[in-house]
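The values are calculated or read from the model by the stated rules, or taken from the named source; none is laboratory data. What you see is a predicted model; the values in this text were computed from it and never measured. When we count neighbours, we look across all protein chains shown, and the Cβ atoms used for this are built from the backbone with ideal geometry, even at glycine.
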């Protein structure tokens with residue numbers, strides 16, 4: 001069941017591409033798991049997606065979905081605006097497109113798909129079947145996106161090549177609205193991505209596509225990108241089981257890139273600070289997605305850490321079990337874990353890329369905040385360096 005509340009908009013907060021933050025005063029109290037509840041009249045941060053509900057004016061009554069807020073889940077602390085109730089928003093103007101996303105939910109949205117019959121790109125994509133060797137970097141977590149792009153931009157700068165045109169293909173394993181991601185908004189505003197393409201049930205990108213396959217083809221044939229990053233939206237879902245995590249789709253994205261004649265590049269989910277043994281070094285999510293789900297070979301990119309560099313600040317006192325507190329030691333662990341994925345033991349290709357000071361500086365200069373599982377660059381540098389080296393390698397492939 002959904003936990004509902006109603007309230008009145010009392011303020012407008014930050015706004016970014018596809019989303020608007022509101023301050024809403026609740027009509028009734030709300031209990032929150034594991035924390036103090038909210039009294040009647042309490043102010044909550046609420047998120048409205050203008051493409052769905054508009055931007056309600058101050059004084060407007062709104063209906064809120066507060067289920068995740070009541071459960072204390074990691075949704076950024078937001079209530080979600082379901083609809084203004086007084087007054088209702090005006091009807092949208094007639095527009096082309098019949099592609100329905102978030103299908104058969106109360107907030108299903110009708111959009112114009114890039115592959116839709118009414119799209120000007122339909123003829124281009126109708127029989128399209130070839131990425132022509134386009135490098136496709138696949139990652140589990142949304143937080144890898146800016147790091148991968150930072151690596152690609154650094155690779156181009158170091159070799160005197162033009163900055164690559166990059167498209168982000170967003171899958172539907174996490175947030176469905178692209179507008180939930182401040183990362184995507186910030187990267188687009190900074191010119192770091194040329195298009196966001198939302199696929200599956202995800203929506204709100206610059207282009208909409210039915211599948212990852214048509215999203216990839218649109219990136220090459222419509223956007224004209226030099227490389228693509230595929231990852232789920234924010235809000236990774238995991239259950240602590242081998243197969244019950246949304247990042248399993250990373251393996252399927254490898255398959256999609258390969259079957260279309262792209263060059264798949266696997267970005268590893270790595271941590272030197274996670275207190276959970278299953279996520280220390282290479283996460284078991286990467287080992288499952290690339291080792292069991294991906295049936296086509298990919299380039300698995302491993303960071304080579306400089307001697308003497310430190311892991312960061314771990315989740316608990318002292319370095320996590322299995323490393324001595326240095327990135328060099330963590331790198332040895334990562335390489336050993338990856339050997340199960342690459343030839344001669346696995347189907348993938350091992351690629352090693354230096355993850356030194358230049359790459360760390362490139363990450364520090366990213367136009368958006370770097371954060372993964374609540375940890376930043378200083379806390380868990382290995383997470384971002386491991387993603388960035390995949391970008392360095394993918395950019396090098398563009399010159400082949």
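The set of residues in region 78-99 that are surrounded by fewer than 15 Cβ atoms within 10 Å (Cβ to Cβ) and in a strand (DSSP E or B) comprises 85, 86.
Could you check region 196-291 for helices (runs of 4 or more DSSP H) lying wholly inside it with 1 or more residues that are within 30 Å of residue 96 (Cβ to Cβ), touching a residue at least 24 places away in the same chain (Cβ under 8 Å) and touching a helix residue (DSSP H, G or I) at 6+ places or on another chain (Cβ under 6 Å)?
On the way: elements: 212-218, 249-259, 284-288.
Where helices (runs of 4 or more DSSP H) fall fully within region 196-291 and carry at least 1 residues being within 30 Å of residue 96 (Cβ to Cβ), touching a residue at least 24 places away in the same chain (Cβ under 8 Å) and touching a helix residue (DSSP H, G or I) at 6+ places or on another chain (Cβ under 6 Å), they are 212-218, 249-259.
Would you confirm whether any residue within region 233-251 is under 18 Å from the mean Cα position of the chain (by Cα), surrounded by fewer than 24 Cβ atoms within 10 Å (Cβ to Cβ), modelled with pLDDT under 95 and on the phi > 0 side of the Ramachandran plot? Within region 233-251 (the criterion being under 18 Å from the mean Cα position of the chain (by Cα), surrounded by fewer than 24 Cβ atoms within 10 Å (Cβ to Cβ), modelled with pLDDT under 95 and on the phi > 0 side of the Ramachandran plot), the answer is yes, since at least one residue qualifies. Scanning region 108-118 for residues that are within 26 Å of the chain's Cα centre (by Cα) and either in the same structural domain as residue 201 (by TED's automatic domain parsing) or in contact (Cβ under 8 Å) with a residue 12 or more places away in the chain (or both) gives 109, 110, 111, 112, 113, 114, 115, 116. If the condition is being surrounded by 13 or more Cβ atoms within 10 Å (Cβ to Cβ) and in contact (Cβ under 8 Å) with a residue 40 or more places away in the chain, then region 119-129 contributes 121, 124, 125, 128. Taking residues in region 351-362 that are at pLDDT 95 or above, and partners anywhere that are loosely packed, with under 15 Cβ neighbours inside 10 Å, the pairs with Cβ atoms closer than 9 Å and at least 6 places apart or on different chains are 358/158; 362/157.
Of the residues 153, 161, which single one is in contact (Cβ under 8 Å) with a residue 60 or more places away in the chain, in the same structural domain as residue 229 (by TED's automatic domain parsing) and not in a helix (DSSP H, G or I)?
On the way: 153 fails: not in a helix (DSSP H, G or I).
Step by step, each of 153, 161 is checked, and only 161 is in contact (Cβ under 8 Å) with a residue 60 or more places away in the chain, in the same structural domain as residue 229 (by TED's automatic domain parsing) and not in a helix (DSSP H, G or I).
Can you name every residue in region 122-141 that is assigned to a loop (DSSP other than H, G, I, E, B) and farther than 30 Å from residue 284 by Cβ?
Of the residues in region 122-141, the ones assigned to a loop (DSSP other than H, G, I, E, B) are 127-134, 139-141.
Residues satisfying the conditions are 127, 128, 129, 130, 132, 133.
Selection of region 314-339 for residues being at pLDDT below 95, surrounded by 13 or more Cβ atoms within 10 Å (Cβ to Cβ) and assigned to a loop (DSSP other than H, G, I, E, B) yields 314, 315, 319, 320, 323, 325. Working carefully through the options 11, 40, find the one that is modelled with pLDDT of 95 or more, touching a strand residue (DSSP E or B) at 6+ places or on another chain (Cβ under 7 Å) and exposed (fewer than 13 other Cβ atoms within 10 Å of the Cβ). Just a single option satisfies the conditions, and that option is 11. Kindly indicate whether residue 75 is touching a helix residue (DSSP H, G or I) at 6+ places or on another chain (Cβ under 6 Å), modelled with pLDDT under 95 and either assigned by TED's automatic domain parsing to the domain that holds residue 201 or in a loop (DSSP other than H, G, I, E, B) (or both). Spelling it out, residue 75 is indeed touching a helix residue (DSSP H, G or I) at 6+ places or on another chain (Cβ under 6 Å), modelled with pLDDT under 95 and either assigned by TED's automatic domain parsing to the domain that holds residue 201 or in a loop (DSSP other than H, G, I, E, B) (or both).
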